[in-house]
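The values are calculated or read from the model by the stated rules, or taken from the named source; none is laboratory data. What you are looking at is a predicted structure, and each value in this text was computed from that prediction instead of being measured. Ideal geometry is used to build each Cβ from the backbone, glycine not excepted, and the neighbour counts take in all protein chains shown.
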Amino acid sequence: MLVVLCGLLGLDVLITGPRDGGDRPSGSRQFVPPAAYAGGSIIDPREPTVRHPPPRTLALTVVDGPDPQWTPQVLDVLARHGVRATFFVSGARAAQHPDLVRRILDAGHELGNRTTSGIDLRGVGDRRVQLELQATDLALAGAAGVTANLVQPPYTSSGSLDHDAWNAILRIGNHGRQVVLADLDSQGWRRPGLDAVLANSTPHDDCGAVLLMHDAVGPDTAAALDRLLPQLQRTGWRVDSVGGVFRLPATMNQARIVDRVGGALFIAAVQVSGWLAGALRVLLVVATALAALRLLLVLIVAPLHARRARRWTAPWQISQRIGVIVPAYNEEAGIANTVRSILASDHPVEVIVVDDGSTDRTAEIVERMQRRFPRVRLVRQQNAGKAAALNTGLAAANSELVVMVDGDTVLEPEAVGRLVAHFTDATVGAVAGNVKVGNRGRLLGRWQHVEYVVGFNLDRRLYDVLHCTPTVPGALGAFRRSAIQQAGGVSDDTLAEDTDLTMALERDGWRVAYEERALSWTEAPATFGQLWKQRYRWCYGTLQAVWKHRRAVVERGAAGRLGRRGLPYLLLFQVGLQVIAPVVDVTAVFALFAQDATTVAATWLGFLLLQAVPAVIAFRLDGERLRPLLSLPLQQVVYRQVMYLVVVQSVITALSGARLPWQKLPRRGRIAPLPVGRR
């Protein structure tokens, strides 16, 4: 899809990109026949022969159109004075406005070739000349069923004819065309005003001439012709098309069927590319507006949450022992560190490790720790998935309040106590902890660290204030066991069992809180392949959970807050913005070569800036050093694109109805918790 998008945007840039204005200064005229630059002429480069118009005869040419606003005015003036002209149309505009091409032909005028993109042919090779001419022929064939024998090269007139221009004319002749050069140019493209256009268009003597008028630049062309034509006719001048003045036997040919079909396809491609470019520019503005909206929400809500969190204290102390459930499958690399960190908690805990049919030494390591530490229990089961392991742990727990921790997570000593303190509020059913990336030494780890702080923890602050948290992370979260049991246990309906469980609790009326001071450290994927698998599962599972709990949108209470606040925010900023972001980036890159490049570039930079500002806010609120944000520009170029594609793949997978298996990532046990002052 991106390849097709790039192709269409490339076509739009080729057709609508900025153009040079005016003739280049003439260079050497070596090898150029003097007759070619002696005045208005028609050149057959195949001979080569040069012909000039008869005295007091004006060949009227109109170039650069057709234009939907100004070309009809020119046609009306010509019809009023009974004058035929030769319209040298650009292939791009002919494809954009095929109805005007047919109107020109139906009015009895001639059609000529002005190239497709309006490029200066003096600076290109023979292949590009061929493509420019053939594409315009396709547009004419598709629009009016004809092809043109006459070519008027952009930026080339008798006065600017030099060695390079003559070589370009010879290339045109290689493709069987005749070239028309003007010696009178209205200069209408400069928009000098009506009087100047009229003066530039008036012959200075009785010699015949070829006049160049511009019908895509404003009303001056039509107004000047309305005054010039009767003036010339009164003084005995004959004004006609190029074919009429030079008495050419054929200036146009009937197009072949294959050219008509190809022309129709070309016209369709040009029109689709133009529509797409316009729509994507609107999409860029929409994406920027969404980023601005998120920044506004963050600026309002995040400081509010930080002040409230600093002032909040539990009304009374919870002293009961807490069961900490650790589902483990092939976690031998880090399970020992996880268990030790839990045992070091300030709050009384019991560690329940559920070995989900591991094929490595996970169970053996926990058994040895169980013999040394009475508060460690090992429960074995056949491999049934994380959700089943959590349910097994819940059944084995002896406490009403439980904490769930992944097998690759290391807890800070005060984490458990700070989580369970929130359960002094009887309406709280779950509490999310603050998960940090432990292996942030390499660039990929630093990028994920930035993502955790900005993309996850900052959003959780907003969710907490709005009472609509969609996910308590599996790496660290606390729950009321009775609330989970009331919801039917941990479900395996989705691949994001933590998101599914959180939404189920809120739909049952429970509030979900966020404790930013409850810290844990997790091992992030070390390779892009592992990262892709993890985020693919996360995103796909989240979409599954959103679909499963979609009825929350019409429910009341805590469920309604989730459905009408949390789910739209999640879909809008974590899915929708991610899906359109790569399209926005591609659009911005191609738009840099378009006429509105400055505006688009400013909008795109604003989009990136609006994503960077929340990063600084999030790092400050989390007490993190800002140094990792130095990798943010490169993250926008590489890491962000990977995440975009993950979301796109997840959305397509979800729409197709496919189901993904659980994907276990290999762990290395390389978690390095940092003291608060060094983060």
Q. Mind checking which residues of the range 357-411 are assigned to a helix (DSSP H, G or I) and under 42 Å from the mean Cα position of the chain (by Cα)?
A. Lys386, Ala387, Ala388, Ala389, Leu390, Asn391
Q) Given the conditions (1) over 29 Å from Ala654 (Cβ atoms); (2) of a type outside the set (A, V, I, L, M, F, W, C); (3) touching a strand residue (DSSP E or B) at 6+ places or on another chain (Cβ under 8 Å), which single one is not true for Gly433? A) (1)
Q | Those residues of the range 121-139 which are surrounded by 19 or more Cβ atoms within 10 Å (Cβ to Cβ) and touching a helix residue (DSSP H, G or I) at 6+ places or on another chain (Cβ under 6 Å), in sequence order | A | Leu121, Arg122, Val129, Ala135, Thr136, Leu138, Ala139
Q) Do we have any residue at all in the range 155-165 that's hydroxyl-bearing (Ser, Thr, Tyr), over 18 Å from Val50 (Cβ atoms) and part of a loop (DSSP other than H, G, I, E, B)? A) yes
Q. If you go through the range 264-279 one residue at a time, do you hit one that is at pLDDT below 90 and assigned by TED's automatic domain parsing to the domain that holds Ala581?
A. no
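Only one of Leu170, Leu100, Leu105 is part of a helix (DSSP H, G or I), of a type in the set (A, V, I, L, M), in contact with a strand residue (DSSP E or B) (Cβ under 7 Å, 6 or more places away or on another chain) and in contact (Cβ under 8 Å) with a residue 12 or more places away in the chain; which?
Exactly one residue qualifies, and that residue is Leu105.
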Q) Any residue at all in the range 137-150 that is in a strand (DSSP E or B), of a type in the set (Val, Ile, Thr) and modelled with pLDDT of 90 or more? A) yes
Q. Taking the range 428-463 as the region of interest, how many residues are at pLDDT 90 or above and touching a His at 6+ places or on another chain (Cβ under 6 Å)?
A. 3
Q. Do you know which of the residues in the range 200-212 that are in contact (Cβ under 8 Å) with a residue 40 or more places away in the chain and under 15 Å from Gln231 (Cβ atoms) is surrounded by the fewest Cβ atoms within 10 Å (Cβ to Cβ)?
A. Asp206
Q: Would you mind stating whether Leu297 is assigned by TED's automatic domain parsing to the domain that holds Asp459 and modelled with pLDDT of 80 or more?
A: yes
Q.
Could you check the range 184-213 and list, in sequence order, the residues that are in a loop (DSSP other than H, G, I, E, B) and either over 16 Å from Val62 (Cβ atoms) or more than 43 Å from the chain's Cα centre (by Cα) (or both)?
A. Arg191, Pro192, Gly193, Thr202, Pro203, His204, Asp205, Asp206, Cys207, Gly208
Q: Starting from the range 245-257, take each residue that is of a type in the set (Val, Ile, Thr) and list its partners that are surrounded by 15 or more Cβ atoms within 10 Å (Cβ to Cβ) and part of a helix (DSSP H, G or I), counting only C-beta distances under 7 angstrom and pairs at least six apart or across chains.
A: Thr251/Val242; Thr251/Gly243
**Q.** Subset tally (residues that are farther than 15 Å from Ala309 by Cα and either within 39 Å of the chain's Cα centre (by Cα) or crowded, with 24+ Cβ neighbours inside 10 Å (or both)) for the range 421-432
**A.** 2
Q: Among the numbered conditions (1) at positive phi; (2) out of contact with any helix residue (DSSP H, G or I) (no Cβ under 9 Å at 6 or more places or on another chain), tell me where Gly118 comes up short.
A: (2)
Q | Subset of the range 294-317 that is surrounded by 15 or more Cβ atoms within 10 Å (Cβ to Cβ) and of a type in the set (A, V, I, L, M, F, W, C) - its residue that is farthest from the chain's Cα centre (by Cα) | A | Ala309
Q.
The conditions are (1) at pLDDT below 80; (2) touching a strand residue (DSSP E or B) at 6+ places or on another chain (Cβ under 6 Å), and Glu47 fails exactly one of them. Which is it?
A. (2)
Q) Given the structure, is Gly441 assigned to a helix (DSSP H, G or I) and surrounded by fewer than 22 Cβ atoms within 10 Å (Cβ to Cβ)? A) no
Q | Top-ranked residue of the range 108-141 - restricted to ones that are charged (D, E, K, R) and in contact (Cβ under 8 Å) with a residue 40 or more places away in the chain, ranked as farthest from Gly10 (Cα to Cα) | A | Glu110
Q) Out of Ala224, Ala216, which single residue is buried (at least 19 other Cβ atoms within 10 Å of the Cβ), touching a strand residue (DSSP E or B) at 6+ places or on another chain (Cβ under 9 Å) and assigned to a loop (DSSP other than H, G, I, E, B)? A) Ala216
Q | First in the range 40-66 and closer than 17 Å to Leu225 by Cβ, second anywhere and hydroxyl-bearing (Ser, Thr, Tyr), Cβ under 6 Å, 6 or more apart | A | Thr61/Thr86; Gly65/Thr71
Q) Does any residue of the range 481-491 turn out to be within 21 Å of Gln534 (Cα to Cα), in the same structural domain as Val410 (by TED's automatic domain parsing) and in a loop (DSSP other than H, G, I, E, B)? A) yes
